[in-house]
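Below is one structure, written out as structure tokens; the observations come after it.
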Amino acid sequence: MNTIHFLDLATTHDSIRQELDAAYQRVMHSSRFILGEEVAAFEREFSAYCGVGQCIGVGNGLDAIHLVLRALGIGPGDEVLVPSNTYIATWLAVSQAGATPVPVEPLASTHNIDPQAIERAITPRTRAIIPVHLYGQPADMAPICEIARRRGLKVVEDAAQAHGALYDGQRAGSLGDAAAFSFYPGKNLGALGDGGAVVTRDEALAKRVRTLANYGSKVKYVHDVSGYNSRLDELQAAFLRVKLPYLDEWNAHRRVLVDRYFARLRDEAIGLPVVIGKASPVWHLFVVRVQERARVMRYLQESGVGVQIHYPIPPMRSGAYQEQCRTMQPCAIADALSDDVLSLPIGPHLSVAQVDSVCELLLEAVRSTG
């Protein structure tokens with residue numbers, strides 16, 4: 001059979017190649033490559049898409065989280081609650097701000113942070129919660145925001161995988177005090193290089209983020225604070241402006257594919273995702289749970305199906321946090337997920353027929369005895 005790629009950006013880009021080429025030419029002819037009109041226009045368009053008033057383009061998704069924390073005044077001596085099951089960038093942003101990441105277990109059903117576990121993890125040093133909208137499904141934000149209001153905490157959404165996702169009719173990115181997006185090429189809305197953004201309704205917070213991201217400067221050569229160099233460049237903004245009008249269409253196609261996965265993968269040996277009632281995910285990833293993952297993965301790969309693992313090592317088990325890990329509470333759910341999660345192909349490049357083939361092969365793999 002033909003190879004079924006986990007991700008195929010070339011096919012997606014071919015469908016809009018003329019528009020991407022025109023965007024490239026527009027930027028080249030302008031000779032404005034940093035903080036020009038393309039960035040300003042994308043910031044207006046993306047903030048409107050998210051339903052918030054402010055957007056600041058930055059260098060990447062990790063910087064977006066870090067800059068929000070710095071702008072909120074979070075630093076040494078503070079604790080920030082983070083999921084135990086997430087990509088390590090969520091944790092690194094907290095560490096880079098000088099604060100301490102405190103892991104909170106996910107719900108085994110959704111893989112997203114457990115609101116009840118958040119409540120138990122709060123201490124007098126806790127300043128913020130970073131719920132991650134993992135795999136493109138929003139975390140259960142209503143109870144999280146209620147806890148934050150009651151306990152005087154900030155909520156920073158890690159929306160790196162959730163461009164266009166909805167929770168109770170509102171876009172991811174509009175649900176907390178601020179949100180961080182990544183435009184890494186493989187995201188639902190991806191640049192052709194690194195990129196990120198902070199979105200918020202808080203104009204004062206947005207101004208602080210913008211200043212920090214631009215060397216701590218509002219006016220050239222006047223540096224009010226010790227800042228960073230983290231700016232979305234003109235070319236990537238131009239490419240993102242081309243892609244943004246297609247995002248809802250691409251996300252709708254992902255939902256069609258996921259409906260097919262749900263319909264075909266009805267086997268007790270396959271743990272399917274669970275979607276909470278208020279959520280409308282955008283399925284950046286379609287993650288199942290299987291026993292004997294290494295064998296199943298090998299079977300699929302040898303059959304021409306691209307599969308991946310998100311994530312094989314929880315952040316607290318990584319070398320970056322091995323010292324801190326000794327003092328952490330056990331994270332049994334995150335550990336269990338890391339042992340058996342498997343990400344199946346998903347994206348605009350994929351056809352329903354290809355999903356059918358993936359399902360057939362996965363069912364064969366889990367039903368065989370090795």
| query | Roughly how many whole Å is it from the C-alpha centroid of the range 22-43 to that of the range 60-110? | reply | 32 Å
| Tell me, in nm to one decimal, what length is gained between ASP339 and ILE313 on full extension, where the rule is 0.36 nm per residue of separation less the Cα-Cα distance? | 8.5 nm
| said: How far apart, in nanometres, would the label points at GLU249 and VAL225 be if each is projected 7 angstrom from Cα along the Cα-to-Cβ direction? | reply: 4.1 nm
| task | Return the FRET efficiency for the residue pair GLN324, THR123: r is the Cβ-Cβ distance, R0 is 22 Å, and the value is rounded to the nearest 0.05. | result | 0.90
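Give the calculated FRET efficiency between GLN116 and GLN170 to the nearest 0.05, with a Förster radius of 22 Å applied to their Cβ-Cβ distance.
Values: r = 22 Å, r/R0 = 1.02.
After rounding, the FRET efficiency stands at 0.45.
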| message | Using alpha carbons only, how many angstrom separate the centre of the range 192-233 from the centre of the range 300-356? | response | 32 Å
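For the chain, what ratio Rg/Rh do Cα atoms give with a Kirkwood hydrodynamic radius?
Working: Rg = 20.6 Å, Rh = 21.2 Å.
Rg/Rh for the chain comes to 0.97.
Between HIS29 and PHE262, what is the FRET efficiency for a Förster distance of 30 Å, r being their Cβ-Cβ separation, to the nearest 0.05?
Working: r = 47 Å, r/R0 = 1.58.
Plugging the Cβ-Cβ distance into 1/(1 + (r/R0)^6) gives 0.05.
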| field | Value of Rg to Rh for the range 1-157 (Rh from inverse mean 1/r over Cα pairs, i.e. Kirkwood) | value | 1.06
| query | Going out from 0 in 5 Å bins, what whole percent of all Cα-Cα distances in the range 247-367 drops into each bin? | reply | 2, 10, 19, 21, 17, 13, 9, 6, 3, 0
| remark: GNM of the chain, Cα pairs under 10 angstrom: of TYR135, TYR24, TYR167, the biggest fluctuation goes to TYR24
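When you count, for each residue, the other Cβ atoms within 10 Å and take the mean per peptide, how do 271-283, 229-241 rank with the highest first?
229-241, 271-283
Using 0.36 nm per residue of separation minus the Cα-Cα distance, give me the extension gain between ALA332 and LYS218 in nm, one decimal.
Numbers: separation 114, 0.36 × 114 = 41.04 nm, distance 4.60 nm.
Once the chain is fully extended between ALA332 and LYS218, it gains 36.4 nm.
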| request: May I ask you to list the residues of the range 344-369 whose amide nitrogen lies under 15 Å from a point 7 Å from Cα along the Cα→beta-carbon direction of GLU302? | output: 361-362, 364-369
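Cα convex hull of the range 299-363: mean projected area in nm², to one decimal? Write out the running numbers ahead of the final one.
Details: hull surface 24.1 nm².
The orientation-averaged projected area of the Cα hull of the range 299-363 comes to 6.0 nm².
Please give the calculated 222 nm ellipticity per residue for the chain, where each DSSP H segment of at least 4 residues contributes -39500 (n - 2.57) and the sum is spread over every residue; nearest 500 deg cm²/dmol?
Numbers: 14 runs with 149 residues, N = 370.
For the chain, the value works out to -12000 deg cm²/dmol.
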| Inter-label distance, nm, simple model (7 Å from Cα along the C-beta direction), ASP21/ASP356 | 3.5 nm
| message | Using +1 at the C-beta of Lys and Arg and -1 at the C-beta of Asp and Glu, which of PHE46, VAL209, HIS163 has the Cα lying farthest in the positive direction of the dipole of the chain? | response | VAL209
| request: Let me know the charge dipole size of the range 247-367 about its Cα centre in debye, to the nearest 20, where only the beta-carbon of Lys, Arg (+1) and Asp, Glu (-1) is charged. | output: 160 debye
| field | In the chain, lysine pairs with alpha-carbon atoms under 19 angstrom apart (chain gap of 8 or more, or interchain) | value | 4
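Here, each number is a calculation from the coordinates, and none is a lab measurement. The structure displayed is predicted, hence computed values, not measured ones. Positions of Cβ are backbone-derived with ideal geometry, glycine not excepted, and every protein chain shown enters the neighbour counts.
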